[in-house]
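Peer 1: Sharing a structure below in C-alpha cells format, with a few things to ask.
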Amino acid sequence: MLNVLEAIFESGTMEINSAGERIPLHSNTSKEQGIFLQKIFDRVKPANSLEVGFAYGISAMFILEKHREAGSEDGAHLVIEPDSYWGTVAIHNIEKEGLTKYLQIRRDYSDKILTQLYHQNHRIQYAYIDTTKQFDTVLQDFYFINKILDVGGVVILDDCGGGWPGVQRVARFISSLPHYKILEGYNKIEISLKRQLAQSILSFTMGMLPFKKKCYPTINFKTDAELGLDYTCIAFQKEAGDSRSWDWDKTF
C-alpha cells in the first residue's frame, strides 16, 4: 500500500499542503474497501478506469497505485468531480506519490461528462461509483457507464446494503439485468437472527400472495440477502452486450 495511504489511515488525518498541515479524515473509503477495489482491479486488469466522485482521493489512490503497477498509459484513470473543494487535498497527496500521470479529472457533473464520453466512443473496463445517493442520478450514471463499459468489465457500486435506499434500488436493478452478474461483494451486512427470520417470513408471505404480479407488477419481493445484495460495496461484471428486446422488463 502507498506510504501516503499508510500515514492517512494510521493518523486518521490527511496532509493538505507542502507545509505539512493536516486535517481530520472523514467521508472516506476505508483501507479494507480500498484493498477490495484493488482485488477487483487485479481480476479485471483494466486498461482504462473511471470513477464518479473524488472526495479526498482515497479510493482513487488505491486505483492509481494499480495502474502504476500495471504500467498503464497516461490518464488511464478518469475521475469525475465537480467540487474543487475535495480535489485540492486529493491532488496534493496524489502528486506526493508520483501518480499524477495516470490521472485525468473532469470538473463537471457526471450527467454532462458521461454523455460526452459516450459520444466520444470512450471505452473503459472498470468503473467505481461513489457519489450522490439519489436513485435517479446514480441510475443515470450506471446507464451511460454500461454503454462505455467493455464486456468483461466491472461496475463497482458503493453505499449498498440498504443504508442508502436510492443506491440499493440501483443495485437491485443492475442485478436484474440478464447481461450482468454479481462478481463479488465487500462488507457483508450482518443482521440479527430475529430480523433475518422476520424478513424471510415476510418475503415468503408476500411471495405467496395470489395475483401478486397483477397487484404489484413492479415489486420483487425477494430480500437483498436472497438476491446476494447484502453488502456495502458490490462489484457487478458485464457478461455480454445488451441484447434485451424493446419490451423487456423485470421487477427489482
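The values are calculated or read from the model by the stated rules, or taken from the named source; none is laboratory data. Nothing here was measured: the structure is a model prediction, and the numbers come from that model. Please note: Cβ atoms are built from the backbone with ideal geometry, for glycine as well, and neighbour counts cover all protein chains shown.
Peer 1: Which of the residues spanning segment 65-78 are among the polar types (S, T, N, Q) and loosely packed, with under 14 Cβ neighbours inside 10 Å?
Peer 2: none
Peer 1: If you check PHE62 against the conditions, is it assigned to a helix (DSSP H, G or I), buried (at least 20 other Cβ atoms within 10 Å of the Cβ), touching a strand residue (DSSP E or B) at 6+ places or on another chain (Cβ under 8 Å) and modelled with pLDDT of 95 or more?
Peer 2: no
Peer 1: Please determine whether any residue of segment 139-152 is surrounded by fewer than 21 Cβ atoms within 10 Å (Cβ to Cβ), at positive phi and in contact with a strand residue (DSSP E or B) (Cβ under 8 Å, 6 or more places away or on another chain).
Peer 2: Yes, segment 139-152 has at least one match.
Peer 1: Another question, if that's okay. Would you mention how many residues in segment 43-59 are polar (S, T, N, Q) and under 17 Å from THR132 (Cα atoms)? Please lay out each step first, then the result.
Peer 2: Narrowing segment 43-59 to residues polar (S, T, N, Q): 48-49, 59.
Imposing the further condition that a residue be under 17 Å from THR132 (Cα atoms) reduces the set to 59.
Counting residues in segment 43-59 that are polar (S, T, N, Q) and under 17 Å from THR132 (Cα atoms) gives 1.
Peer 1: Keeping to segment 65-96, report how many residues are assigned to a loop (DSSP other than H, G, I, E, B) and not hydrophobic (A, V, I, L, M, F, W, C).
Peer 2: At the first step, the residues of segment 65-96 found to be assigned to a loop (DSSP other than H, G, I, E, B) are 71-76, 81-83.
Remaining after also requiring not hydrophobic (A, V, I, L, M, F, W, C): 71-75, 81-83.
Residues that pass the stated criteria total 8.
Peer 1: Of all residues in segment 1-24, count the ones that are among the β-branched types (Val, Ile, Thr) and in contact with a Pro (Cβ under 7 Å, 6 or more places away or on another chain). Let's see the steps before the verdict.
Peer 2: Keep residues of segment 1-24 that are among the β-branched types (Val, Ile, Thr), which gives 4, 8, 13, 16, 23.
When the remaining residues are screened for being in contact with a Pro (Cβ under 7 Å, 6 or more places away or on another chain), the result is 13.
The number of residues fulfilling the criteria is 1.
Peer 1: Across segment 1-42, what is the total count of residues that are over 23 Å from the mean Cα position of the chain (by Cα), of a type in the set (S, T, N, Q) and surrounded by 12 or more Cβ atoms within 10 Å (Cβ to Cβ)?
Peer 2: 2
Peer 1: Also: Among the candidates GLU69, GLU51, GLU32, GLU10, which residue alone is more than 23 Å from THR137 (Cα to Cα) and in contact (Cβ under 8 Å) with a residue 60 or more places away in the chain?
Peer 2: Checking each option against the conditions leaves just GLU32.
Peer 1: Please work out which residue is farthest from ILE58 (Cα to Cα), limiting yourself to segment 20-47 and to residues that are modelled with pLDDT under 90 and small (Gly, Ala, Ser).
Peer 2: Within segment 20-47, the match that is farthest from ILE58 (Cα to Cα) is GLY20.
Peer 1: State whether one or more residues within segment 231-250 are assigned to a loop (DSSP other than H, G, I, E, B) and crowded, with 17+ Cβ neighbours inside 10 Å.
Peer 2: no
Peer 1: Still on this structure, I have one more. For segment 96-147, name all the residues that are basic (Lys, Arg) and in contact (Cβ under 8 Å) with a residue 12 or more places away in the chain.
Peer 2: Result: LYS96, LYS101, ARG106, ARG107, ARG123, LYS133, LYS147.
Peer 1: For segment 79-89, indicate whether the set of residues that are surrounded by 13 or more Cβ atoms within 10 Å (Cβ to Cβ), polar (S, T, N, Q) and at negative phi is non-empty. Steps first, please.
Peer 2: Initial filter on segment 79-89 (surrounded by 13 or more Cβ atoms within 10 Å (Cβ to Cβ)): 79-82, 86-87, 89.
Filter once more, so that each one left must be polar (S, T, N, Q): none.
Checked against the condition, which is being surrounded by 13 or more Cβ atoms within 10 Å (Cβ to Cβ), polar (S, T, N, Q) and at negative phi, segment 79-89 yields no hits at all.
Peer 1: Further question on the same structure: Taking segment 13-29, which residues are assigned to a loop (DSSP other than H, G, I, E, B) and without any contact (Cβ under 8 Å) to a residue 24 or more places away in the chain?
Peer 2: Result: ALA19, GLY20, GLU21, HIS26.
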